[in-house]
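Structure first, then comments.
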Amino acid sequence: MMAKIVKGSDFKGVVDYILDKGKGVQVVVHEGLFMENKDTIAMSFDIQSQMNGKVAKPVGHIALSFSKEDEPHLTDRVMAGIALDYMERMGIRNTQYLIARHFDKEHPHVHIAYNRIDNDGNTISDRNERLRSTRICKELTLKYGLHMANGKENVKRDRLKEPDKTKYELYDILKTEVGRCGNWNVLVANLKRQGVDVRFKHKGQTNEIQGVVFTKNGYHFNGSKVDRRFSYSKIDAALQRNRNEERMGLMPKGYGADMQNAPSDTTQSELFSGSLGLLNGNASSYNAADAEANQEMAEILRRKKKAKHKRRLGL
């Protein structure tokens, strides 16, 4: 379950949208409105909003979307109950509202129009509404046994607009490349072939790297903004983990193929000069990580050799 919150000033516009017959609309519940037609509904909202003229955007509009897997048991009655539960938890109470279901998309969803000026002329607070909404959606998903979506994997890429479209393209590319590359050289080269530029952020005027920025289609994203797993430190840890697994013979064949396409020494020098600066200085983070990995492997081999010696002695 997900919620999209919009505020505005035109009640007629939101009423016309929600009751558009082209969307296969079904009104499921309403309160405090003259329901004769669209005009009387909008008029009802407008009259109450005039009780508090200080609020520039009295129109509240929330779309609640559910997973297609939930459709078999999401009757109009059930969806109305969930919507009312959501509103109560959000503090949207003692006010006019209209809740209608649309059938124009493959996933079930309802639209809520409500007056941000309540029946007593008070303003319904929107403080931290998006944070509260995210938490409440998770609570209701668990309460009603709804399908728990797997984050970015289920987002419809073809429906996204910029810059989200590029952000999710980056997510898909990074998910693949970080999972199969063994060092930053190869990762940067592979990303560059797919139209992604990489820039590293340094701490002050030092060579210490503390962040990474990816650029694609003219849009810039900090790694952690694409996804938490793509911060500089987490990518660096993943690359080191890939190297360790490769040394132990656990990496898939794709890793070796990427190594064959690794840039030459000259290309590496070009890639990591200037703003990249990853290999600047006497000791790079890549070399340091390799040294640590080698020490780990040496320790593993030492333990195996010691255990084998004990078995020979019958200990």
Q.
If the requirement is being out of contact with any helix residue (DSSP H, G or I) (no Cβ under 7 Å at 6 or more places or on another chain) and either touching a residue at least 24 places away in the same chain (Cβ under 8 Å) or outside the structural domain of residue 106 (by TED's automatic domain parsing) (or both), which of these qualifies: 172, 236, 227?
A. 172
Q: All but one of (1) within 21 Å of the chain's Cα centre (by Cα); (2) closer than 28 Å to residue 69 by Cβ hold for residue 111, so report the exception by its number.
A: (1)
Q. What are the residue pairs meeting all of these: first residue in the range 109-134, first residue in contact (Cβ under 8 Å) with a residue 40 or more places away in the chain and within 15 Å of residue 47 (Cα to Cα), second residue exposed (fewer than 12 other Cβ atoms within 10 Å of the Cβ) and not polar (S, T, N, Q), Cβ atoms under 8 Å, and 6 or more apart or on different chains?
A. 123/54
Q | Subset of the range 228-252 [modelled with pLDDT of 90 or more and either surrounded by 15 or more Cβ atoms within 10 Å (Cβ to Cβ) or among the hydrophobic types (A, V, I, L, M, F, W, C) (or both)] | A | 230, 231, 232, 234, 235, 236, 237, 238, 239, 240
Q: Read through the list (1) modelled with pLDDT of 90 or more; (2) surrounded by fewer than 20 Cβ atoms within 10 Å (Cβ to Cβ), then give the number of the only condition that residue 205 fails.
A: (1)
Q | Counted residues, the range 83-96 - those being surrounded by 21 or more Cβ atoms within 10 Å (Cβ to Cβ) and touching a Leu at 6+ places or on another chain (Cβ under 8 Å) | A | 3
Q: For the range 163-181, name all the residues that are of a type outside the set (A, V, I, L, M, F, W, C) and within 16 Å of residue 196 (Cα to Cα).
A: 163, 164, 165, 166, 167, 168, 169, 171, 172, 175, 176, 177
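The values are calculated or read from the model by the stated rules, or taken from the named source; none is laboratory data. Source: prediction; values computed, not measured. Virtual Cβ from ideal backbone geometry, glycine too; neighbours counted across all protein chains shown.
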